[in-house]
Amino acid sequence: MLFDEIKNELTRKVCELKLWLANIDERNQYCNITKGLYFVYMYGIYEETIRQVVSTTIDELNNAEVKLDECVYELYSLIFSDEYDGMYNVGNEHKWEKRWKLSDKMINNPKVVISHDMMPTDGKNIRYKQLKSIANSFGMKENVLPRNEIGGYIQEMVDNRNYIAHGNKTPKEVGRNFTILDLKNRCDYMEEVCNYVIAEYEAYIGIGFVATVIITICLLLFVCAGWFHQILKKLMDLVNYKGRFTEKFDKIKEQCDIMETESKKLLRHWKLLLGVLLINFCKFSCWFMIPYIVLYKNGAFSPDVALAITTVSVMLAAVIPTPAGIGSSEFVMIAMFGAIVGSAKAGAMALLYRFATFVFPCALGAAYAAKFAVIKQRKNKKEV
């Protein structure tokens with residue numbers, strides 16, 4: 001995954017930090033000095049992790065060769081950083097020339113290139129305000145911390161680091177205010193924030209695969225496993241202890257019995273079953289890759305990401321009760337893909353997806369149905 005190297009490096013450094021903490025002897029005369037310096041090392045790990053996440057994200061944007069009109073407007077603050085700075089550092093005789101160049105760059109819709117070492121903050125240490133600034137520059141509106149109360153501990157870590165680094169306090173003066181347990185808790189909070197920042201994107205993409213696997217397993221159990229049917233029947237009996245749903249549940253139980261009987265017959269012909277599964281796998285793989293094929297030139301995401309987002313979109317659309325998912329599927333796809341490529345392109349892609357997976361198969365089926373109806377009618381006339 002994209003941030004695995006950063007995550008592994010964070011884990012290694014945190015282990016070193018905790019090992020250092022475990023070897024601090026509070027009876028030693030230098031104990032408080034060591035505890036004070038602990039904040040300097042802890043902040044260094046925290047800041048470097050955030051910088052690596054930002055740098056990796058910028059590299060990914062540059063490698064994707066995204067066009068300017070495909071970006072959220074907040075990214076303009078990074079894309080045109082040099083141009084904005086140039087306007088401040090130029091005399092009156094060149095200020096209009098700088099503005100014309102910036103306007104030309106916007107009109108020409110170039111590929112996005114962001115400086116690798118760009119850090120969208122005010123140049124100060126990374127507190128909550130700076131984390132928010134970074135998130136806003138990438139168009140991220142979500143919470144920047146896993147829990148609001150951690151913000152105070154991040155502020156404390158930065159302040160203590162600065163007291164020592166700038167000579168306002170000695171390491172001993174800082175360290176004597178904290179126990180070993182206090183420092184361990186601060187380290188855990190720092191690690192939690194770093195892992196939260198790293199894991200946001202991974203969790204978003206991974207949910208599609210996890211949900212699909214769970215639903216697939218449940219469907220397979222419902223089709224094939226007799227013991228699963230027995231569990232469902234017992235659960236229905238528990239829910240229906242007052243007998244209010246007897247009629248409905250009896251129908252479901254009947255369907256379970258039919259499903260169990262027919263699935264046993266089907267499993268006897270395993271080659272046929274395997275062929276059907278393979279054909280369906282190919283069909284749905286082709287369907288779910290349509291968004292990637294349509295938006296391929298944008299370079300905004302890889303095939304696996306497109307597959308995951310499409311899977312989530314289809315599953316969420318199925319929850320909204322509309323005939324054949326008309327409207328709900330398009331709405332969910334535009335909402336999810338729009339955050340990456342913009343609403344206009346996502347809308348066009350959703351319509352093409354609907355045509356390829358619904359309109360075209362329906363039209364083809366209708367044509368075949370009409371053809372067979374005509375053949376049957378002619379056959380009946382000949383028999384008469």
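Coordinate-derived values only; no laboratory data. Remember, predicted model here, so these are calculated numbers, not experimental data. Glycine gets a Cβ as well: all are built from the backbone with ideal geometry, and neighbour counts include every protein chain shown.
Annotations
- Multiplying the residue separation of Ser115 and Phe355 by 0.36 nm and subtracting their alpha-carbon distance yields 82.3 nm.
- Label point distance in nm, Gln155-Gln29, each placed 7 Å from Cα along Cα→Cβ: 3.8 nm
- Whole-Hz Karplus values for segment 42-47 come out as 5, 5, x, 5, 4, 5 Hz, taken residue by residue from phi with 6.51 cos²θ - 1.76 cosθ + 1.60 and θ = phi - 60°; glycine and proline positions read x.
- The separation of segment 7-32 from segment 36-85, counted between C-alpha centres, amounts to 29 Å.
- For the listed peptides 29-37, 60-68, 157-165, a ranking on the average number of other beta carbons within 10 Å per residue, highest first, reads 157-165, 29-37, 60-68.
- Segment 119-195: C-alpha gyration tensor shape, a/c 1.5 cut-off, then a/b vs b/c: oblate
- Of Asn298, Leu278, Ile334, farthest towards positive along the dipole that unit charges on Lys, Arg, Asp, Glu beta carbons give segment 272-384: Leu278
- Each peptide in 13-19, 303-309, 237-243 was scored by the mean count of other Cβ atoms within 10 Å over its residues; highest first, the order is 303-309, 13-19, 237-243.
- Under the convention that each Lys and Arg Cβ holds +1 and each Asp and Glu Cβ holds -1, the size of the dipole of segment 272-384 around its Cα centre is about 760 debye.
- Amide H contacts of Lys67 (H built 1.01 Å from N, under 5 Å, at least 5 apart or other chain): Val112
- Computed over segment 4-199: relative contact order in percent, which uses C-alpha pairs under 8 Å that are six or more apart: 39 percent
- Taking amide hydrogens as placed 1.01 Å from N in the peptide plane, the amide H of Phe245 sits under 5 Å from that of no residue at least 5 positions away in sequence or on another chain.
- Each peptide among 186-193, 100-107, 80-87, 133-140 gets the average number of other Cβ atoms lying within 10 Å of its residues, and from highest to lowest they stand as 186-193, 133-140, 80-87, 100-107.
- Distribution of pairwise C-alpha distances over the chain, 10 Å bins, in %: 4, 15, 19, 19, 17, 13, 8, 4, 1, 1, 0, 0
- R0 of 30 Å, Cβ-Cβ distance Asp182-Asn63: FRET efficiency to nearest 0.05: 0.10
- Charge-dipole axis of segment 4-199 as Lys and Arg at +1 and Asp and Glu at -1 on Cβ define it, positive-most pick from Ile45, Met140, Pro110: Ile45
- With Cα atoms, 0 to 90° folded angle of helix 328-341 axis to the chain main axis: 30 degrees
- For the chain, the longest principal axis of the Cα atoms and the long axis of helix 180-224 meet at an angle of about 10 degrees.
- Distance in nm between pseudo-label sites at Thr170 and Leu266 (7 Å out along the Cβ direction from Cα): 7.8 nm
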